[in-house]
Each structure stands twice: as structure tokens, then as C-alpha cells.
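Data first, discussion second: the structure below is written as C-alpha cells.
The values are calculated or read from the model by the stated rules, or taken from the named source; none is laboratory data. Bear in mind the structure is a predicted one, so any value in this text is a computation, not a measurement. We work out accessible area using only protein heavy atoms, side chains counted, and drop any ligands, DNA or RNA first. Shrake-Rupley method; radii C 1.70, N 1.55, O 1.52, S 1.80 Å.
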Amino acid sequence: MFNIFHQSPLSKNLQRLFFLRSIAIVVQCILFVFVYSAIEIEVPWTEMTIVVVILSILNFFTWVRLHHTFPVSNLEFFAQLLIDIFALTALLYLSGGSTNPFISLYLLPLTIAAAILPWRYTWAIAGITITCYTILLFEYIPLPHDHSDDHSAHLMEFNLHISGMWLTFVLSTILIAWFVVKMSSSIRDRDKDLAQAREQALRNEQIIALGTLAAGAAHELGTPLSTMAVIAGELQREFPQNEEFQNNIQILRNQITHCKQTLTQLLANAGQARVEDGNSQPVDYFLKQILAKWQLIRPSTKFNYLSDGVQPVPRIMNTQLLSQSILNLLNNAADASTNEVKIKSHWDQQMLNLEIHDDGEGLTKEAMQRAGEAFFTSKAPGQGFGIGLFLANANIERFGGSVRLFNHPEGGACIHVSLPLIS
């Protein structure tokens, strides 16, 4: 069986043509055996067998060609159709020409050409089939007839001819319907791929625009953050005895330091963050590092973390983008949560599955439909920009994972993240 994924449409259609030709060869062999043994009509069996053998050999070469990756051209597919037309013409010439009930099989290659090939190739096929049919009106080896006055013999010949016409119609109908249905499926798959490519291109443009804006914002925020750090240090020195005040100021200074480090990393790695720049870490250590950093950023957020997985612990390729993406998802859950965020992780040798469950109000219908779109947010004005989930989803998909957002049966929203691990 051939792998039809990631093939061009013409390659897939050549594969289907190969199957159609294989079916035709099998049907011809069955008809030859039936006519030779049951009806005993004298026809040039040797020559007809040679034609079928040659067609089988050419079909074998087509099978070999389908195992090569170079794309099928329109000219090559046109040549493949000519093989079937000339083989059919030879068989019809040897078995009654235009009087053979299978003459209408000429419509099969013409239908396929009209559905797949450009108009000039289709008209060429039409011209060739008409020419072959016309020649067979005058040049052919007649089928043997019973020239006696036996009415039953003439009736049997007539019935055989009608049966042949019926069989031709049934075969043509089934094969054309099968081929057209498969071709329509290929067209739908192609349209789906094009839509996904357009969506990916649009998302890449949005990410580039966000990166440009982020770099500019990093430059602008550097000065006010430095000013805030100086003032926070002075305030901490002025009130050394107030323990609560000291704790709050220390949290503020930690937050400012984290912001400055993030901006420094952003400017240092602008345009250079790639998956291959990361380092591999045990998956449990990777998650604990992220949660520790998140706890530093959101010290007031309560969370419950449960983890389990196979031993020894597999490793994951950690990058700044991947860590930041998971932090964005955790921050979204913290913003929506009223009491506690539940975090569960489970891994096997191939995948890490991470669930982040908040106890908020859950997702609205609009949020379910538009979650992950750039600049869409369900938060109050001024509390979100609508880019956290968008960037997280884009980066995790780029890493080879997936993000799924849904309402949890116990209430609140849940984000399920799947990430590939290093085997």
C-alpha cells in the first residue's frame, strides 16, 4: 500500500489510475477465461493475451514509479492515459472493433482527463479516442457469427451483446464514480491544507509584528524600571523597622528585577530563539523550575501540583520560548482563579501531558470559539492584551505539541498541553 500523504494531487491520481488499470486487467483475464471455456468463441487469443501481458508489464513499471518521490507531471499522466487507450484499441481491434459492446470504455480515460488535466490535454485525449473509434468502424477482426437460420443461435448472440453492454455500463459507472469521489476528496484535502497554510502565514505575520512591538517596548521600559528599582531601594532603607512594609517592598523589588531580566533576555535573544538553542532536562525538573519562577512572579497565587510518570524520568528540550509559553498559560489560570489553581502532569516515554485547571467562572461561548486568536481577551479592559494564549499556542505547536482549552466538568476552565519528549 502506498503512502498518499504529502503527495501532489497528480501523484495521488496516478496511484488511483494504477488501481483502475489493475482492476481492468483482472476483469479482462476473467472475461477471457469465461468466453474461452463457456462460450467457445474463436478470437485471436494469442494476440489478445500478448496485449494484456504488455499492459501488465507497463502497469508494473507504473507501480515502481509510484515508489519514487519526484512529482508526477501533466505530460506523464497524459502518457499513462494513452497506454490505456492504445491497449483498449488493440483489444477491440482483435475482437470486433466498433461492434464490441466494450467500445464505450473509451469514455473512462476521457472522463479522467477532463477531471484532472488541463484543457489542451483533455482535447488531445478526446481527439485520440475519436480517431481510434473511427478507425475501428472500418478496420477490425470481426467476431465469429453463426450464419445459419437457427433462430436460437441468433438470439443467444444478441443476448450476449446486450449483456456485454450492461457489463460495460456497470463497470464504467462504478469506476467513474469511485475515481471522481476520490478526486473530490483530494480537492477537499488540498483546500484544507491551503487554508491551514494561509492561517499559519497570518499567524506568523502577527508574531513578527508582536516581536517588533515587544523590542520597541523593551527599550522604552528599561528607564522607568531602573527608576522604580532605585526608589524601591531607598524606601526599603528608610523604614527598616516596619516588617510588613519591608516584605511588600522586597516583593516589589523582586518583581522589578524579574521584569528587567525578562527585558534583557528579550533584547539579547531577539530573532534568535529557536527550538534547537535549548538544552535537554528531566521533565520533572523542567516543570519544577517553571513553577518556582511562576511562584516568584505570582507569590499570592495558591496552587496544588500533582505529578506522576514513568521512571526513569524522560527528558524534554527546554527553551526560553517553551518555558515562557507555559508561564503565560499559568498566568492566565491565575488571573481567572478565585482561590486555587490545580496543576497535574503525567508523562510516558513519548509525551508530557500537563493540565492547568482554574476555579473561575469558566469560558463563555465566544471565548470557546475565539480562544487563541491574537488580541482577543475575555478580561476586563486594561487587564489583558489578548496575546498570552495566542503566543503560547503558536510556540507550543511550533515545538511539536498542542494546546486544548475547555470547561472542566467540576467548574472553571482547563488548559491541556501535550508536548513531545526526548526518547
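Things worth noting here:
- Heavy atoms of Y285: accessible area, 1.4 Å probe, square angstrom to 10: 110 Å²
- Taking amide hydrogens as placed 1.01 Å from N in the peptide plane, the amide H of G96 sits under 5 Å from those of I141, L143, each at least 5 positions away in sequence or on another chain.
- Solvent-accessible area of M317 with every protein chain in place, 1.4 Å probe, in Å² to the nearest 10: 60 Å²
- Cα-based shape type of the range 13-114, given that a ≥ b ≥ c are square roots of the gyration tensor eigenvalues and the cut on a/c is 1.5: prolate
- Per-residue Karplus couplings for the range 343-354, computed as 6.51 cos²θ - 1.76 cosθ + 1.60 with θ equal to phi - 60°, are listed in order as 10, 10, 10, 9, 9, 10, 6, 10, 9, 9, 10, 10 Hz, Gly and Pro entered as x.
- Accessible-area ranking of L136, L88, largest first, probe 1.4 Å: L88, L136
- Largest to smallest accessible area among R120, R16 [probe 1.4 Å]: R120, R16
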